[in-house]
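What follows is a set of notes on a single structure, which appears directly below.
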Amino acid sequence: MTVFVLRRLVHGALVMLAVTLTVFFVTRLLTDPVQVMTPIGASPADKAALTEKLGLSHSLWSQLGTFFSQLVHGDFGRSYWQDAPALSLVGQRIPKTLELVGAGLLIALVGFIPLGVFASLRPGRLLDNVISAFCLTGVSIAPFWLGTMLILGFSEHLGWFPSAGSGGLRYLVLPAVTLALPMGGRIALITRVTMVEQWSQSYVVALRARGYGSARIIMAHLLRNVMVPILTLASYEAAFALAGYAVVVETVFAWPGFGQLAIQAVQQRDIVLLQAIVFIAALFVVAANLIADLACRVIDPRTKVA
Amino acid sequence: MSLTAADGLTSGIGLDGDPLARVRRGRRRLPSSTRILGYLSIAYLVLVCVAAVFASSIAPHSPINGVLPDRLLSPGWLHGKYLLGTDSLGRDILSRIIYGARTTLIIGFSVVVLSGLFGTVAGLVAGYRGGWVDQVIMRVADAQLAFPGLLLTIIVIGVEGPSTPVLIVVIAVYGWMVYARLVRALVLRLREEQFVRAAEMSGSKTPFILRKHLLPNLLPALMTQALLELARVILVEASLSYLGLGVQPPHASWGLMVSENQGYVSQAWWTVVCPGVALALTVLATNLVARVVAGGAVNPAASQWAIEPSGQATAERVDESSSITTPGPVLSVRDLTVSFAGAADDLVHAVQGVSFDIRPGEVLGVVGESGSGKSVSMASVLGILPDGARVGARSLEWRGKRISFEDLHRMRGRDISIIFQNPMSTLDPLMPVGRQIAEVLRKSKKMGRAAARARAIELLDLVGIPDPEQRYRQFPFEFSGGMAQRVAIALAVAPEPALLVADEPTTALDVTVQAQVLSLLKEVQQRLDIAIIFITHDLGVVRGIAHRCLVMYAGRVVEEGPTQSLFEAAQHPYTAALIAATPDVNDRRDELAPIPGDPAVAGAPTLSCAFAPRCSYSTEVCRQDLPILQIAAASATEPGRIRRVACWHEDSIVEAGAHR
């Protein structure tokens with residue numbers, strides 16, 4: 001177990017290193033940060049000042065060295081747009097994004113795993129077709145459009161939920177549902193497929209031969225056996241949500257998480273802030289994968305040390 | 001089964017969990033609803049493509065220049081000037097949707113082709129070359145899957161500025177790994193296939209074989225993957241355009257249209273609903289077509305164990321002449337028939353009129369080659385046949401009381417237990433073995449948690465597992481085959497059943513382990529006084545354990561009698577041939593005599609002797625009439641040692657046996 005955890009940690013660290021290097025080179029080689037960050041018509045003096053501030057006058061390798069030594073000290077530089085430490089700007093937004101993604105994931109797991117289980121009971125029958133169609137539709141709808149439609153229906157017309165901002169639970173409902181539908185759709189579909197596979201396994205036939213009913217077989221045996229693929233998928237869903245869909249959903253609902261901050265940073269062309277956001281997002285992605293790996297390992301003791 | 005990341009991403013769309021399933025299973029028939037939806041989707045996608053290609057001649061208005069006085073006109077449907085209404089700049093929504101299709105498809109197809117080609121090449125290289133090349137490619141793919149993808153895309157577009165080529169490259173860079181993993185897995189799997197191995201042995205070069213067999217197997221899987229990716233890319237493009245990082249105004253893109261008009265959604269819903277519907281339908285249709293290409297999502301054969309076969313015993317008068325007149329059988333079955341739906345509408349008759357009795361404490365061996373119906377007949381009694389099996393019997397009796405199949409099924413796990421051939425796969429892989437036994441005890445004996453645990457440990461000890469306390473907590477994968485079969489025996493005897501069905505319980509084990517498990521079964525049987533139906537094709541095994549034997553051929557019992565006398569003097573040519581084909585350490589014959597011909601395959605009901613084509617005694621009568629199982633003349637005078645045989649020539653065989 002210790003070896004397993006260590007290996008996963010090393011793997012995670014390597015991914016973080018790769019992400020950091022990618023961001024570093026993308027921002028310095030593909031473009032000229034000074035050109036990007038200064039307004040059109042900025043004076044050469046302003047540009048020179050920024051070049052100096054970002055340390056761009058040194059060679060690429062010494063820049064890389066400085067970049068990493070600052071990272072190690074938790075210094076992500078100052079946001080050009082907000083004139084504040086980039087890390088603390090991102091840090092303020094983290095709880096909101098975690099709240100949104102956590103709520104979305106909870107809905108997706110609690111609401112959609114049972115759907116997949118019910119669909120798997122009689123494959124090809126009406127219930128299965130209805131559930132599969134619903135999930136496939138959920139997977140196919142763009143979150144930004146779904147969010148807009150939910151706002152149109154539940155805020156504008158019915159007035160049940162606020163359409164934007166954050167506050168109490170009522171603010172959370174629409175964005176969380178928007179985030180949950182595509183995630184849940186995929187989770188339900190994979191639950192269904194793995195359950196269908198499980199029903200034909202010998203050990204299930206053996207349970208049946210021991211006189212166990214379907215409900216008991218599902219609750220006591222099958223669920224545990226289908227959890228590994230479901231959790232693996234859920235961890236990827238969480239990662240995608242943290243570092244992707246959340247950006248879109250936060251924009252639709254003006255949810256003050258770091259996804260919204262990322263879009264603002266792009267609009268403000270604040271590369272320093274963007275770097276910090278991507279680094280933090282990558283950290284969460286790696287953590288989500290690590291947690292899922294550990295959970296799978298606990299559920300399935302056969303999981304190989306990879 | 002652990003799921004790789006790539007599998008997780010793609011199989012979520014409700015395809016087979018394994019995109020390569022076709023390689024093994026061949027094409028399955030799709031349910032008609034899926035097919036119809038598939039055709040509708042293809043038709044819709046063709047429409048979208050045509051609209052995209054001929055946008056300039058189809059679109060009724062300019063997508064870019066609007067007529068300001070006509071702003072925010074509601075849809076005119078068939079009468080008005082603008083079919084789907086106009087946006088806030090007076091531009092025709094329909095025209096913008098048509099041009100948006102062009103944008104979407106150009107980006108979608110470019111990305112899929114780019115990343116598909118690169119990924120396929122990477123996968124081929126990794127699969128063919130193996131070694132460190134494979135390691136490097138797969139490590140990069142793994143790491144990239146853990147990247148915060150969309151955010152990186154956003155950062156690149158943020159610094160580079162949005163433009164179509166940048167968009168295509170950035171999205172493509174993030175999509176190649178899925179293809180690479182797929183292709184590599186397929187190459188590796190094909191390499192393991194028997195026919196590729198065989199061709200390698202015969203001197204063909206591996207790349208040639210792979211190329212020949214790879215393409216037909218690869219194309220459908222790649223097509224499926226490409227379609228799923230197309231659906232994903234369309235969504236990503238729309239999302240980026242919505243965020244202002246994709247297609248830029250005044251050009252048309254569905255995502256952009258939604259963000260442009262979002263502010264007017266309450267007064268002009270059509271400006272947002274129409275492009276969104278176009279987008280959702282396109283993605284949905286692409287996903288549905290992917291499903292059809294993959295060969296369908298539903299595998300009816302694999303899944304229907306949940307439904308029990310409808311078996312019913314019709315209560316009729318028991319034919320006295322065919323019953324064995326020994327008092328008090330535990331289970332008595334008359335004229336059991338099992339049939340399956342065959343390829344067309346015809347039925348496959350797997351079991352035809354099998355009757356047997358089993359008395360308390362008796363071990364009844366059921367012997368026959370594969371396909372003889374021995375396992376199917378016993379599985380039908382337990383109600384664990386797949387759906388579609390039709391089971392019937394003239395009568396079923398449990399301890400002298402007439403019962404139905406449903407009654408019998410209700411006794412499973414309490415009065416009747418079963419042991420399967422492969423112990424490992426019949427244990428829940430993710431539950432400690434002790435808990436599985438305790439679970440049975442709690443259910444069948446209504447024991448409390450602690451009592452069940454204590455008894456389970458006792459049972460583990462009883463079946464000869466050392467260190468039962470420790471072993472209680474271990475998982476099936478920590479057991480050897482022989483030890484796992486001991487666990488299976490403990491599970492089976494835990495409810496203290498009256499009848500135990502053992503289906504080839506030693507076949508999957510090593511010879512030395514076989515002997516141990518057999519003697520354990522014998523010991524447990526005597527100690528708990530359980531009746532055992534012992535199904536096997538191994539005559540040596542049956543000789544060691546069974547008191548009485550049924551020999552089955554082509555779904556019928558051909559001979560029945562006490563094991564000893566049956567083995568000493570077989571009265572059915574098939575039994576005799578079976579014995580002659582079995583090695584025996586006590587008998588120093590020089591060679592074994594194989595049975596000529598192939599085993600009969602269950603099919604239409606047989607109206608003549610099924611063994612006749614392989615039998616050296618067969619005459620005209622064998623090919624014309626069905627011999628009935630009846631008390632053998634030779635044993636009629638020996639009460640208690642009654643033997644029955646179904647052969648027209650039993651007398652000649654007895655004589656031949658005597659002269660040997």
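Taking the criterion of being under 18 Å from the mean Cα position of the chain (by Cα) and facing chain B (nearest Cβ under 9 Å), would at least one residue in the range A:205-222 satisfy it? Give the derivation first.
So the first thing to find is which residues in the range A:205-222 are under 18 Å from the mean Cα position of the chain (by Cα), and the list is none.
No, there is no match, as no residue in the range A:205-222 is under 18 Å from the mean Cα position of the chain (by Cα) and facing chain B (nearest Cβ under 9 Å).
Whether a residue is open to solvent by less than 10 Å² (accessible area, probe 1.4 Å) and at the interface with another protein chain (Cβ under 9 Å from one of its Cβ atoms) was assessed, and A:Ala276 does not pass this test.
A quick yes/no check of all residues on (1) over 28 Å from the mean Cα position of the chain (by Cα); (2) buried (at least 17 other Cβ atoms within 10 Å of the Cβ); (3) not in a helix (DSSP H, G or I):
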site	(1), (2), (3)
A:Val3	no, no, no
A:His11	no, yes, no
A:Thr22	no, yes, no
A:Ala42	yes, no, yes
A:Trp61	yes, no, no
A:Arg93	no, yes, no
A:Lys96	no, yes, no
A:Ala103	no, yes, no
A:Phe112	no, yes, no
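Hey, can you tell me all the residues within the range A:200-227 that are of a type in the set (Lys, Arg) and crowded, with 17+ Cβ neighbours inside 10 Å?
Scanning the range A:200-227 gives A:Arg208, A:Arg210.
At least 3 residues being in contact with an Asp or Glu (Cβ under 6 Å, 6 or more places away or on another chain) is the threshold, and among the helices (runs of 4 or more DSSP H) wholly inside the range B:61-171 those reaching it are B:93-129.
Only one of the numbered conditions (1) within 7 Å of chain B (Cβ to nearest Cβ); (2) modelled with pLDDT of 85 or more is not met by A:Leu181, and that is (1). If the condition is being facing chain B (nearest Cβ under 9 Å) and in contact (Cβ under 8 Å) with a residue 60 or more places away in the chain, then the range A:236-245 contributes A:Glu237, A:Leu242, A:Tyr245. Here is the figure for the range A:253-264: residues that are open to solvent by 10 Å² or more (accessible area, probe 1.4 Å) and more than 8 Å from chain B (Cβ to nearest Cβ) total 4. The C-beta contact set for the range B:512-526 (first residue surrounded by 17 or more Cβ atoms within 10 Å (Cβ to Cβ), second residue part of a helix (DSSP H, G or I) and among the polar types (S, T, N, Q), distance under 9 angstrom, 6+ apart or interchain) comprises B:Val513/B:Gln485; B:Val517/B:Gln485; B:Leu520/B:Gln485. Run down B:Leu145, B:Leu151 and say which single residue is free of Cβ contacts under 8 Å to residues at least 12 places away in the same chain and at the interface with chain A (Cβ under 10 Å from one of its Cβ atoms). Going through B:Leu145, B:Leu151 in turn, just one is free of Cβ contacts under 8 Å to residues at least 12 places away in the same chain and at the interface with chain A (Cβ under 10 Å from one of its Cβ atoms): B:Leu151. Out of all the residues in the range A:127-160, which are open to solvent by 50 Å² or more (accessible area, probe 1.4 Å) and more than 10 Å from chain B (Cβ to nearest Cβ)? Residues satisfying the conditions are A:Leu127, A:Val130, A:Phe134, A:Phe154, A:Leu158, A:Trp160. Taking the range B:380-430 as the region of interest, the strands (runs of 3 or more DSSP E) fully inside it that hold 1 or more residues being modelled with pLDDT of 85 or more, within 21 Å of B:Pro495 (Cα to Cα) and within 14 Å of another protein chain (Cβ to nearest Cβ) are B:416-419.
Confirm whether A:Val173 is modelled with pLDDT of 90 or more, touching a helix residue (DSSP H, G or I) at 6+ places or on another chain (Cβ under 9 Å) and open to solvent by 30 Å² or more (accessible area, probe 1.4 Å). For A:Val173, the condition - modelled with pLDDT of 90 or more, touching a helix residue (DSSP H, G or I) at 6+ places or on another chain (Cβ under 9 Å) and open to solvent by 30 Å² or more (accessible area, probe 1.4 Å) - is not met. Restricting attention to the range B:225-244, the residues that are facing chain A (nearest Cβ under 7 Å) and assigned to a loop (DSSP other than H, G, I, E, B) total 1.
Does B:Arg442 satisfy the condition of being open to solvent by 10 Å² or more (accessible area, probe 1.4 Å), more than 20 Å from B:Ile530 (Cα to Cα) and either over 21 Å from the mean Cα position of the chain (by Cα) or within 7 Å of chain A (Cβ to nearest Cβ) (or both)?
Values: open to solvent by 10 Å² or more (accessible area, probe 1.4 Å): yes; more than 20 Å from B:Ile530 (Cα to Cα): yes; either over 21 Å from the mean Cα position of the chain (by Cα) or within 7 Å of chain A (Cβ to nearest Cβ) (or both): yes.
So B:Arg442 fits the description; yes.
The values are calculated or read from the model by the stated rules, or taken from the named source; none is laboratory data. Computed from a predicted structure; not experimentally measured. A quick note on method: Cβ atoms are made from the backbone with ideal geometry, for glycine too, and the neighbour counts reach across all protein chains shown. We work out accessible area using only protein heavy atoms, side chains counted, and drop any ligands, DNA or RNA first. Shrake-Rupley method; radii C 1.70, N 1.55, O 1.52, S 1.80 Å.
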